[in-house]
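The values are calculated or read from the model by the stated rules, or taken from the named source; none is laboratory data. The model shown is predicted, which means the values in this text are computed figures rather than measured ones. Note: ideal-geometry Cβ built from the backbone for every residue, glycine included; neighbour counts use all protein chains shown. Just the protein is used for accessible areas: all its heavy atoms, side chains included, with ligands, DNA and RNA removed. Shrake-Rupley method; radii C 1.70, N 1.55, O 1.52, S 1.80 Å.
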Amino acid sequence: MYKILKVEQLNPVVLLMVVEAKRVAKSCLPGQFIIVKLDEKGERVPLTICDYDREAGTVTIVFQPVGASTQKFAKLQAGDYFMDFVGPLGRPSDLCEESIEELKKKKILFVAGGVGTAPVYPQVKWLHEHGVEADVIVGAKTKDLVILEKEMEAVAGNLYITTDDGSYGRHGMVTKVIDDLVAEGKVYDHCVAIGPMIMMKFCCLTTKKHGIPTIVSMNPVMVDGTGMCGACRLTVGNEIKFACVDGPEFDGHLVNFDEAMKRSQMYKTAEGRAVLKQKEGDTHHGGCGNCGGDE
Amino acid sequence: MAAGLERVVVREQAPLVRAANFEEVCLGYNKEEAMAEAARCLNCKKAQCMVGCPVAIDIPTFVKQVADGDFEAAYQTIVASSSLPAVCGRVCPQEKQCEGKCVRGKKGDAVSIGKLERFVADWARENGIKPKKPETTNGKKVAVIGSGPAGLSCAGDLAKWGYDVTIFEALHEAGGVLTYGIPEFRLPKDAVVKPEVENIKSLGVKLETDVIIGKSVTIDELMEEEGFEAVFIGSGAGLPMFMGIPGENANGVYSANEYLTRSNLMKARLSDYDTPMPESKKCVVVGGGNVAMDAARTALRLGAETHIVYRRGEEELPARAEEVHHAKEEGIIFDLLTNPVEILTDENGWVKGIRCVRMELGEPDASGRRRPVVIEGSEFEIEADAVIMALGTSPNPLIASTTAGLEVNKRRCIVAEAENGQTSKAGVFAGGDAVTGAATVILAMEAGRAGAKGIHEYLSNK
C-alpha cells in the first residue's frame, strides 16, 4: 500500500498528489513514469512523474481525471492509499545521460501543453540543478488552466506562457509561440514537446520546419508497462517501438502520430467519448483520440 | 479391450457448457477414481516415468500411496520434488514426459499420472495440509527475481534449506505466467495458484510485489546495499513477438500476452473490474502453441467465433495434445497450413479481416519439423474484427542491460549453466524462460530447483 501524503487541486480540472513510494523515489529520473492502481479491481494507469524527493521517499504525480479510473483517484484524500504504485518505468530523458558540458552548450526549448506541463517540469528542474538554463513555453486553453507557473518560473530560463483565448500571457497556440520566437531571432538546437498527442504532432511539424530536433513523450494505452503486452506499440521511423520500455520519449519527427492517435481510441466507446467531450467542454483537446482536437 | 488397459476417464464439463463459462474444464478424479487409476500402475522396477519427469518426482511411490489410500503420504512424496504440484498436475505436457514413458502406454493407456498428481495436490489443499516451515534458518539472504514457476520453485527449495528468501515481482500479483498467462478454465487462480503461492510463503519466503528489478532497484544494489548474498533470476520471457506484416498496428490487433493479461491478471472479462476487454464477434488467433489455444478459447468464451491460423499441419502443433483436443471440442475452427500475409483494416483503422496464403510442408528445417512452403496463388481472406498474435515471446532485456557482467546470448537469453544456474556473474544464478526462451512451466521449475542447488553450494562454500 502506498500512502497519499498530499492532494492539491492545481486548477479546476487538474490534481497533484504526493505519494510515499520509497523505491521509486530513490531511483527515478526525469522522463520516467509510474503505474498506479487504486484497488483490487482497478486498472493499471500510467502517469508521468512530476517531481520526487529522494530523502522523503515521495513521488509527485499530476493528472486530469478523465477516464473511470482517474475519476476514482480524484476522490482520494491525503491519508488514503493506492494499492499499487510501481516504477520508475521507461527510459529517463536522454538529457540526463548527456554530459553537463555538452548540455551547457545547447540551446534547449521545452514546449508544454496543458497537463503536459507536469512531465516537463522535472526535466527543466533537473537541468536547472545542473546549471543548465532552458527556455519553456507553457500553453493552455485559458488562464485558469495554466498549472505549475510559479514552480516553472523558478527553474526555467525564459518562461513564455500562452493561452488559446489570450486571457493570459501571449495569445495563441504553442506552435505560434515557436514561430514567433524563431522570428524574434531565438536559436534553439533541441526541443522537448510534451502534451496532448495532437499538440505534439503540430509542434513537431513546426520544429521540423525550423530544423529543430524534437523529442516527444508518448502516453499510449498500456497494461503492464514492462514490455510484456505490446499494447503501447508505436511506429517510429520504420520500426515498431514499445513506449513503455523503448520510450516514453522518442524522436518526434519520426513518430507516426496519426496511427498513435487511432490506437489511443481503441478502448474508448462512443458513449465514453461523448461524456468526455461534454465534461471537458472548452478544454476538449482530443484526449478522446477521435476528433482530432482543435484541428 | 482387456481390463486395465484403459485409464479411468476423468470427468470434464461438457464442451458446449464450458465454451460459455470460465470454470475449470477438467473436474479431476475423486478418491475412488484416483485409487482405481493408481491401481493400474505396474510398479516397474526401473520406472521410466521418473526418467521422463524434469523434476524426477518419485512417481511409483506416490502412485502406490494413492492406490493404498494414503493421500497425505503421497503429497509428501510429491512435494519432496515439486513446489507446485497442483499446477503441474494441470499444465505439464505429460504425454511427452512421465506418461509418454509409461510401460502401460505401450499396449493401452498410460497411467494418468498428471491427473493423479492433481488429485493428491487438491486433496492436500482441501484437507489443510501444507509444506512444513523449517525449524532453523541460516540467516543468509537470497533474492529471487520473478514469482513465476522458476522463481517459486527456487524460493521453495531455498526456504526449506533455511535461507532467508525474498521474491521480487514486477506485477501487482504473484505467479508470473500462472497468473497473467494461463486462463482460469485451465488453471483456477483463487482455488489453485494463490494457495500454491501461499504454500511457498508458509515456508517463510517473503514476497515484494511492484518491484521492477533493473528499474526500481538493480541486482548490484540488492547485493551491495541490501545484503543479499545471492540472486536467482527467473524473470521469464515476457516480450511478445509480432510478424512484421502490414496492418499489424491496426486497432483490434493484440499480442496474446495483452489479451490474456487483460482477461487473467486484470480480470477485464468481469464487469466489476475496471480494465476494458477487447470485444470481438469473429476472432483470428495466429499461432499453434499453448498460448494460442489459451487465447482462442478465451475469445470463444467471450462470444467470438474463433479461428486458429497456423502455418504448419496438425501434427506439428506445439500445444499440449489435451489443449488441442479441448479447443476442437469447444468449437474452435482450425485453419491449418495457413499463414497470414496482411491484416486488412477499415477506414477508421480497425481490423476487418486477415489475408492469408495456403502452405504445404516441404523438407525438415533446423527444428526437425517440415518447413512450410507457400502455395503460389493461394491467397484468400478471413473476415475478423480481432486478431491475436500468439507467435512466442522473448526475454525482457531489462535485467541484463542493468547488471554489469551478466552475459546474454544472441537471442537475449541470459547465459547460465543448466545443472546449477550459474551465470557469468558471481553470486548470480538464473533459470527458466529467461535462460531458455519460452518453454514450459515444468522446465522452468526444474531450472528453479537447479538454481536453488547452485546457490546452496555457492553459499555453503563461500
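In table form, for the structure just shown:
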{"read-out": "Of all residues making up region A:183-204, the number that are touching a residue at least 12 places away in the same chain (Cβ under 8 Å) and either in a loop (DSSP other than H, G, I, E, B) or farther than 20 Å from A:V124 by Cβ (or both)", "value": "10"}
{"read-out": "Residues being part of a helix (DSSP H, G or I) and under 24 Å from the mean Cα position of the chain (by Cα) - total across region B:96-135", "value": "19"}
{"read-out": "Condition met for B:R104 (open to solvent by 30 Å² or more (accessible area, probe 1.4 Å), of a type outside the set (V, I, T) and under 30 Å from B:E316 (Cβ atoms))", "value": "yes"}
{"read-out": "Residue identified as among the small types (G, A, S), in contact with a strand residue (DSSP E or B) (Cβ under 8 Å, 6 or more places away or on another chain) and open to solvent by 30 Å² or more (accessible area, probe 1.4 Å) among B:A434, B:A438", "value": "B:A438"}
{"read-out": "Selected residue (only one of A:E102, A:E133 is among the acidic types (D, E), out of contact with any Asp or Glu (no Cβ under 8 Å at 6 or more places or on another chain), part of a helix (DSSP H, G or I) and modelled with pLDDT under 95)", "value": "A:E102"}
{"read-out": "Residues located in region A:84-102, provided they are under 17 Å from A:V124 (Cα atoms) and among the acidic types (D, E)", "value": "A:D94, A:E97, A:E98, A:E101, A:E102"}
{"read-out": "Near pairs, Cβ below 6 angstrom, 6+ apart or cross-chain, from region A:232-247 (without any contact (Cβ under 8 Å) to a residue 60 or more places away in the chain and under 20 Å from A:V192 (Cβ atoms)) to any residue that is among the charged types (D, E, K, R) and part of a strand (DSSP E or B)", "value": "A:L234/A:K241"}
{"read-out": "Output for region A:40-59, where each listed residue is outside any loop (DSSP other than H, G, I, E, B) and surrounded by fewer than 15 Cβ atoms within 10 Å (Cβ to Cβ)", "value": "A:D53"}
{"read-out": "Where a residue in region B:120-145 is without any contact (Cβ under 8 Å) to a residue 40 or more places away in the chain and its partner, wherever it lies, is open to solvent by 60 Å² or more (accessible area, probe 1.4 Å), with Cβ under 7 Å and at least six apart", "value": "none"}
{"read-out": "Restricting region B:242-267 to residues that are in a strand (DSSP E or B) and facing chain A (nearest Cβ under 7 Å), the residue that is farthest from B:T436 (Cα to Cα)", "value": "B:N251"}
{"read-out": "Test: B:K410 is touching a Ser or Thr at 6+ places or on another chain (Cβ under 7 Å) and not hydrophobic (A, V, I, L, M, F, W, C)", "value": "no"}
{"read-out": "Number of the exception - B:G89 against (1) in contact with a Phe, Trp or Tyr (Cβ under 8 Å, 6 or more places away or on another chain); (2) under 23 Å from B:L317 (Cα atoms); (3) modelled with pLDDT of 95 or more", "value": "(3)"}
{"read-out": "Selected residue (criterion: most open to solvent (accessible area, probe 1.4 Å)) from residues of region B:352-377 that are in contact with an Asp or Glu (Cβ under 6 Å, 6 or more places away or on another chain) and free of Cβ contacts under 8 Å to residues at least 24 places away in the same chain", "value": "B:R371"}
{"read-out": "Subset of region B:136-155 that is part of a strand (DSSP E or B) and in contact with a helix residue (DSSP H, G or I) (Cβ under 8 Å, 6 or more places away or on another chain) - its residue that is surrounded by the most Cβ atoms within 10 Å (Cβ to Cβ)", "value": "B:V144"}
{"read-out": "Residues (outside any loop (DSSP other than H, G, I, E, B), under 15 Å from the mean Cα position of the chain (by Cα) and within 16 Å of A:V7 (Cβ to Cβ)) located in region A:60-94", "value": "A:T60, A:I61, A:V62, A:F63"}
{"read-out": "Exclusive hit being open to solvent by less than 40 Å² (accessible area, probe 1.4 Å) and either more than 20 Å from B:G238 (Cβ to Cβ) or free of Cβ contacts under 8 Å to residues at least 24 places away in the same chain (or both), set B:G454, B:G421", "value": "B:G454"}
{"read-out": "Test: residue in region A:117-124 that is within 27 Å of A:T207 (Cα to Cα) and either surrounded by fewer than 22 Cβ atoms within 10 Å (Cβ to Cβ) or within 13 Å of another protein chain (Cβ to nearest Cβ) (or both)", "value": "no"}
{"read-out": "Any hit, region B:309-325, residues being open to solvent by 30 Å² or more (accessible area, probe 1.4 Å), in contact with a Ser or Thr (Cβ under 8 Å, 6 or more places away or on another chain) and touching a residue at least 12 places away in the same chain (Cβ under 8 Å)", "value": "yes"}
{"read-out": "Residues satisfying the stated conditions in region B:206-241, i.e. closer than 20 Å to B:A174 by Cβ, free of Cβ contacts under 8 Å to residues at least 60 places away in the same chain and outside any loop (DSSP other than H, G, I, E, B)", "value": "B:K206, B:E208, B:V217"}
{"read-out": "Identity of the residue in region B:181-194, open to solvent by less than 30 Å² (accessible area, probe 1.4 Å) and under 23 Å from A:M1 (Cα atoms), that ends up farthest from the other protein chains (Cβ to nearest Cβ)", "value": "B:V193"}
{"read-out": "Residues within region A:21-39 that are under 23 Å from B:D220 (Cα atoms), of a type outside the set (D, E, K, R), within 9 Å of chain B (Cβ to nearest Cβ) and surrounded by fewer than 22 Cβ atoms within 10 Å (Cβ to Cβ), tallied", "value": "1"}
{"read-out": "Some residue of region B:104-111 being touching a residue at least 40 places away in the same chain (Cβ under 8 Å), closer than 20 Å to B:N30 by Cα and not small (G, A, S)", "value": "yes"}
{"read-out": "Region A:228-255, residues that are open to solvent by 20 Å² or more (accessible area, probe 1.4 Å) and away from chain B (no Cβ under 14 Å)", "value": "A:E249, A:D251, A:H253, A:L254"}
{"read-out": "Number of the exception - B:A447 against (1) closer than 27 Å to B:E323 by Cα; (2) assigned to a loop (DSSP other than H, G, I, E, B)", "value": "(2)"}
{"read-out": "Region B:198-213, residues that are crowded, with 23+ Cβ neighbours inside 10 Å and more than 14 Å from chain A (Cβ to nearest Cβ)", "value": "B:N199, B:I200, B:V205"}
{"read-out": "Qualifying residues in region B:268-284 (those that are within 8 Å of another protein chain (Cβ to nearest Cβ) and surrounded by fewer than 19 Cβ atoms within 10 Å (Cβ to Cβ)) - the one farthest from B:E24 (Cα to Cα)", "value": "B:P276"}
{"read-out": "Within region B:156-170, considering residues that are β-branched (V, I, T) and surrounded by 24 or more Cβ atoms within 10 Å (Cβ to Cβ), the one nearest to the other protein chains (Cβ to nearest Cβ)", "value": "B:I167"}
